[in-house]
Amino acid sequence: MVDSPAQVFAAHLMAQFAAWGRPVWLAPGARSQALAIAAAQLAEANELDLYIRLDERSLGFSALGAAVYGGPQVIITTSGTAVANLHPAVLEAHHSGLPLILLTADRPVELRGKGSNQTTNQVGIFNDAVTCIDVPAPVEGIDLVEQAKTLVEQAVLDAWSGKVIQLNLQFREPLSASVPNASDILQSLDFSVVESVEVTEPNEVSIDLSIPTVIVAGANSGAFEAEIESLGVPLLAEPTSGVRHLSNAILGYRFVLDQDRELVSQIKQVIVYGKPTLSRAVIALLKRSDIQVLVRPAKMGEFGIGANVSKVTEPITGSNLDSAWLTAWQKSQNVHAEKSNGEFDRRAIVETLWGAGKEIVLGASQLIREADFYAPGNKVSAWANRGLSGIDGTIATATGIAIQTGKPVRALIGDLTFFHDASSLAIDPEDGDLDLQLVVVNDNGGKIFSKLEVKETVSKDIFTRVFATPQTASIKGLALAYGWDYQQVQDADALKKALQLSKRLVIEIVLD
C-alpha cells in the first residue's frame, strides 16, 4: 500500500495517548480512519481501552461520564456534523471542569471554504469552551514523531487541569495505510516519568464564625470535605455535593429556608463550595444585600452570584464558633422537615435509591430537586450533569461512569430524560456486562414546569402541549428493543429487590 503520512502521524499520536494511559472513544468515519486504525491496533494488543459508539452525541456524553472518575478521555470523530454533535457534551464538560481531548479529523486547509464535501469550519466551532489547536496535515520531511509527542503531552497535561482540548487534525489522501503499527511504536517509546514537583502548603484564611454563618455546598464539593466539616456551621448540601453525609449537614434545609423566616433572617455570612443550582431559596439568600458571600473556586468554574461576593483561594478556618447556631438549625430542621406519608411517591423512591448504597446518577430535572428535599445522609457517590443542568446524554453519562468505575450504577431519571437519550441504550458487547440500572419515573411529561410561573400564566392545553410534552412511546418497548431487561415496580419493596439485581435493567415506575 502507498505510504501515508496521515497513518504515520496517527500511529505515533495514538501510541503517545496509550503511553499516557488514556482511554479512547471512537465513532466511525472516513476522514478519521488513520486514527481509528491506530487505536484499533493498540486495543488489539491490549495496550489501550477502546470504546465504540455510532452516535457522536452519545459518544461525547459517555466519555464525559468516564471522565468524572477516570481523568482525561480521548474522543475521535470524523469531520462535519460529527464534530458538531459533540457540542452538548463539550459544553457540559467545560462548565463541569471535566477533562476531554477531542481529535476532530478535518480536510486540509486548501479544501476549506471551497464547498468540499463534509467540510465546515471546525476551528472555533466550540467557541471558548475548548482550547483548540489546528494541526496542519502531516507531510513527509516533517518530524511527525516529535510533533505527535509534543501535541499529546500538551493536550493531556492541559486536560488534567479540567479543560477540554481540541486537536483539529487535518489529513490529506491517502488517508490510511496498513503500516506503521501503533502497537509497535508504543513498545519503542521512551516514556520518562515527569519528576514530582514540591508543593508548598497554602496559607489559611481565618473567618469569624461568631457571625451567623452557613455553608452552601453545590455540585462537586467533595474536594473540600475536610474543610467543610471542620468549620462546624450549618451545611446546606445539595444531593450531588458529596458532603451531605457530614454531621453538620441540615438535610431538611429546604424546609427551613421556606418556613423558618426568623432563623434564616439571622444569616450574615455564607461560604459557597461547588456549584449550587437547585434552589431558588438559596439563590435568593445569596442575593441578600446584608450577607457576605465567600466563594471557594472549584473545578465547576465561575460562580459569583450574590450582592457581596469575595473569592477565597486559600483554605478557610474558623474562629469563635458558636455551637448554639448549629443546634438551632438542627432543631428547626426537626420541626419543619416534612414527615413521610408512607406512600410510594418520589420521596420514597429517592430514599430507597439512597439506601441501595450504589453509584447514583441523577437526571437534571424534577427528580434531583426531590432528592434535594429528601435524600438521606448516608454516604453515596452521586453525580448529575450540573455544568449546564441539561437532561441531554444522561443515559450515556451513566454508562460512561459504569464503564470507568466497574461498580454498580443506578440512574434516577424522568420519562422525558429517558426518551431524550434513548439512542444511548445501544449496547456494544465489547463494553462487557455492566451493572447498570435506569430507574425511570414515568409521570407523563415534564413535571418540573408545573413548579414554575408558566403553569399559572397559560391555559392547561398550552401548558400540556408546549411544556409538559407527554410522550406515547413505550419505555418497555425501547428497553427490550435495545437488549435491556425491563421491570415495572409499584412499591418500595419491589424497587429494593430490583435494585439488588446486577445487570442492565430499566425499572419503570408510573406516577401521576
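All Cα-Cα separations within the stretch 286-365 were binned at 5 Å from zero, giving a P(r) of 3, 10, 10, 11, 16, 18, 18, 12, 3, 0, each value a whole percent of the pairs.
Note on Lys451: aspartates and glutamates with a C-alpha under 13 Å away, same-chain residues under 8 apart excluded, are Glu370. When +1 charges are put on Lys and Arg Cβ atoms and -1 charges on Asp and Glu Cβ atoms, the dipole computed for the chain relative to its Cα centre reaches about 1440 debye. Rounded, prolate or oblate: which fits the stretch 1-85, taking a ≥ b ≥ c as square roots of the Cα gyration tensor eigenvalues, rounded meaning a/c under 1.5, else prolate when a/b beats b/c? Taking the square roots of the gyration eigenvalues as a ≥ b ≥ c, the stretch 1-85 is oblate. If the cut-off is a Cα-Cα distance under 28 Å, which lysines reach Lys311, setting aside same-chain residues fewer than 8 apart in sequence? Qualifying lysines at Cα under 28 Å: Lys163, Lys268, Lys275, Lys287, Lys299. Computed over the stretch 346-510, the percent of Cα pairs more than 20 Å apart is 49.
The longest stretch of the chain left intact once loop-based GluC sites (Glu not before Pro) with at most 13 other Cβ atoms within 10 Å are removed from consideration, loops following DSSP, is 1-139. Normalised size of the stretch 43-100, defined as Cα radius of gyration per 2.2 N^0.38 Å with N residues, equals 1.13.
With semi-axes defined as the square roots of five times the eigenvalues of the C-alpha gyration tensor, the equivalent ellipsoid of the chain measures 43, 29, 21 Å, largest first. Within straight-line reach of Lys476, meaning a Cα separation under 18 Å, sit the following lysines at least 8 residues removed in sequence or on another chain: Lys503.
The Cα center of the stretch 134-194 and the Cα center of the stretch 368-423 differ in position by 34 Å. Restricting the stretch 358-409 to trypsin sites (Lys or Arg not before Pro) that sit in a DSSP loop and have at most 15 other Cβ atoms within 10 Å of their own Cβ leaves Lys379. Neighbour counting of Cβ atoms within 10 Å sorts the residues His87, His420, fewest neighbours leading, into His87, His420.
For the stretch 205-336, taking Cα atoms only, Rg and Dmax work out to 13.1, 37 Å respectively.
Quick note: the coordinates plus some simple rules give every number you see, no bench work behind them. In this text the structure is predicted, and so the values were computed from the model without any measurement. Every residue, glycine among them, receives a Cβ derived from its backbone with ideal geometry; neighbour counts consider all protein chains shown.
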